[in-house]
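A short write-up of the structure that comes next.
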Amino acid sequence: MSIQNDDLTRNTDDVVIVGGGLAGLFCALKLAPRPVTVISAAALGQGASTAWAQGGIAAAVAEGDSAEAHAADTIAVGAGLVDETVALGLAREAGARIHDLLHYGVPFDRDLEGKLAVGREAAHSARRIVHVRGDMAGKAIISALIEAVRRTPSIQVIEGYIAEALLTEHDAVAGLQLRRVGDTTAKPVTIASRAVVLATGGIGHLYAVTTNPAEASGLGLAIAARAGAVIADPEFVQFHPTAIMVGRDPAPLATEALRGEGATLTNDKGERFMQARHPLAELAPRDVVARGVFAEIAAGHGVFLDAREALGVHFAERFPTVYASCMAAGIDPVKQPIPVAPAAHYHMGGISVDAHGRTSLKGLWAGGEVSCTGAHGANRLASNSLLEAVVYAARIAEDIGGMPIGAPARLPAAPIIPRNCAMPAIAEANLRVMMASHVGVIRDAERLAEAVRSFAAIERDTGNIALRNMATTALLVAASAWTRRESRGAHYRTDYPIERSALAHRTMTTLAAAREIAASLYEPAAARTAQPIIA
């Protein structure tokens, strides 16, 4: 829908959802027939990580499996930080949400008996991943939901606008400041609402090597943090071990399901190296595999995913998306191993939410990757992300559905921003390179401190709003990583390589706390003291 600025600068009693991916669209559909306005920076689905998801959705729907077993696997992978009640609730609601997606037209794979076909992925104790044509779950899900949204009259979609700030009054959300994508000079517009749902995705594009689209730059987390929301576990970033290294940004993904079907990781000498690192070898938790791949590359070796024996001529049929990505780059995975490397893939941290998706700010909910529910802990179990998105989107819709929400009495004042200059490409590139080198797969105090100081300076001084929001999220991740002086799950530090039982609790922090950490790192080294993790 094409909307003029004057149309946007208004009060509304609509629920406003920011984000056109799985969580945002599913929530909008669940809220029907209540009026909803969906704000999407790109055309629906195009800027969403959902469409790129290859693995599928984890759900204990097969005979012999159970929600309790699914929750146990989730808890085991989360390195001591998973909220067990949340994990069990997620697993128990999986079947109902799969049914919803089937109702919306998602063509999940079925076996010869007509039952849902399930596959196995790393660290799952059973075959419980529901797929669409092997590796096309994300694309099929988002396509079905877009079609359902387009035919739902209670949902208004506004495409081509980015939410660059939350507007608040007395610790409650009052609306959003919006700007047309790519327009750095026009006056921003505002939309006033007492009910805002952030479903803006993750932070992968803050890293130089990522599987995420450009829109996944931490925007939702940043604007919530700048409005004062509590942020949970931002230091925990999952790196997918097998991004396809063919010079593309974002990097295409070689789904974990390939390893589930028997593909192996080898170095440039043809040697398998994961067997010596973990009893599950290629099916070890993602953080273990990512560090194994990273270590081989750091030692000067190339790393390859070899599916020739496991899949052979069936590769294209079983994994058409990966096959197309490889062939487009001149690699035939039927005959050749695929060059791979770790890439920023999923953020376990995010805006802290409760069991209903409510944030610490009244009138603000968050769902999908921008949120942190406690389900993933320090390391996400494969294919739990899409499940979490639909479960919490449904919960948010149910929570809002029972609330009378009136329009604000007046349009809230927009934040005072002296200017909004164009973002130099070099500034964004430098930030992404520093995130990869200093806040990446392997971390240490010196590089983390340098990153914290750099991001704090950008967040304070830049005149570009998009860069400021990127730096805000980068600062939160780096400051919390500097504070957590241990290695746990996806967070690994060479100077603190051991998991410490005393730190087996989640991080709860704010932008103000991250700024204080940055300020402390400008002091002489002898005067610095460790900042406590806010439990």
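None of the figures in this text is laboratory data; all of them are computed from the coordinates on show. Keep in mind that this is a model prediction, so the values were computed, not measured. Quick reminder, even Gly has a Cβ in these numbers, built from the backbone with ideal geometry, and neighbours come from all protein chains shown.
General observations
- Other residues whose C-beta falls under 12 angstrom from the C-beta of GLU271 contribute a net charge of -1, scoring Lys and Arg +1 and Asp and Glu -1.
- Order of ASP73, ASP233, ASP306 - criterion: other Cβ atoms within 10 Å of each residue's Cβ, fewest first: ASP306, ASP73, ASP233
- Rounded to two decimals, the Cα radius of gyration of region 425-527 over 2.2 N^0.38 Å is 1.06.
- Charged-residue dipole, Cβ positions (Lys, Arg, Asp, Glu), region 300-408 about Cα centre, Debye nearest 20: 120
- Per-residue ellipticity at 222 nm computed for the chain from its helices equals -10000 deg cm²/dmol, with DSSP H segments shorter than 4 residues left out and the rest contributing -39,500 (n - 2.57).
- Simple Cβ-charge dipole of the chain, Lys/Arg +1 and Asp/Glu -1, about Cα centre, in debye nearest 20: 620
- Cross-link pairs beyond the 28 Å C-alpha cut-off, checked among LYS139/LYS362; LYS30/LYS187; LYS115/LYS139; LYS139/LYS187: LYS139/LYS362; LYS30/LYS187; LYS139/LYS187
- Taking only alpha carbon atoms, region 240-342 gives an Rg to Rh ratio of 0.93, where Rh is the Kirkwood radius.
- Listed peptides 389-397, 315-323, 209-217, 114-122 appear in the order 389-397, 209-217, 315-323, 114-122 once ranked by packing, highest mean of other Cβ atoms within 10 Å at the front.
- Computed lengthening from ARG277 to SER154, 0.36 nm per intervening residue step minus Cα-Cα distance: 39.0 nm
- Phi angles across region 26-34 convert, under the Karplus curve 6.51 cos²θ - 1.76 cosθ + 1.60 with θ = phi - 60°, into 3J(HN,Hα) values of 5, 4, 4, 5, 5, 7, 4, x, 5 Hz, Gly and Pro given as x.
- What the Cβ-Cβ distance of GLU84 and GLU113 gives, at R0 = 41 Å and to the nearest 0.05, is a FRET efficiency of 0.75.
- Surrounding net charge for PRO234, when Lys and Arg each add one and Asp and Glu each subtract one, Cβ distance under 12 Å: 0
- Between LEU102 and MET403, the contour length at 0.36 nm per residue exceeds the alpha carbon distance by 105.6 nm.
- Proportion of all alpha-carbon pairs of the chain beyond 32 Å (%): 40
- Couplings 3J(HN,Hα) for region 214-220, derived from phi with the Karplus relation 6.51 cos²θ - 1.76 cosθ + 1.60 (θ = phi - 60°), are 4, 5, 7, 10, x, 4, x Hz, where x marks Gly and Pro.
- Percent RCO, i.e. relative contact order, over region 240-342, from Cα pairs under 8 Å lying at least 6 residues apart: 36
- Amide proton proximity set for VAL303, modelled H, under 5 Å, gap of 5+: VAL340
- Region 463-475 - phi-based ³J(HN,Hα) in whole Hz, Karplus 6.51/-1.76/1.60, Gly and Pro as x: x, 9, 5, 5, 5, 4, 5, 4, 5, 4, 5, 4, 4
- Counting other Cβ atoms within 10 Å as a rough exposure proxy, the listed residues HIS103, HIS491, HIS376 run HIS103, HIS491, HIS376 from fewest neighbours to most.
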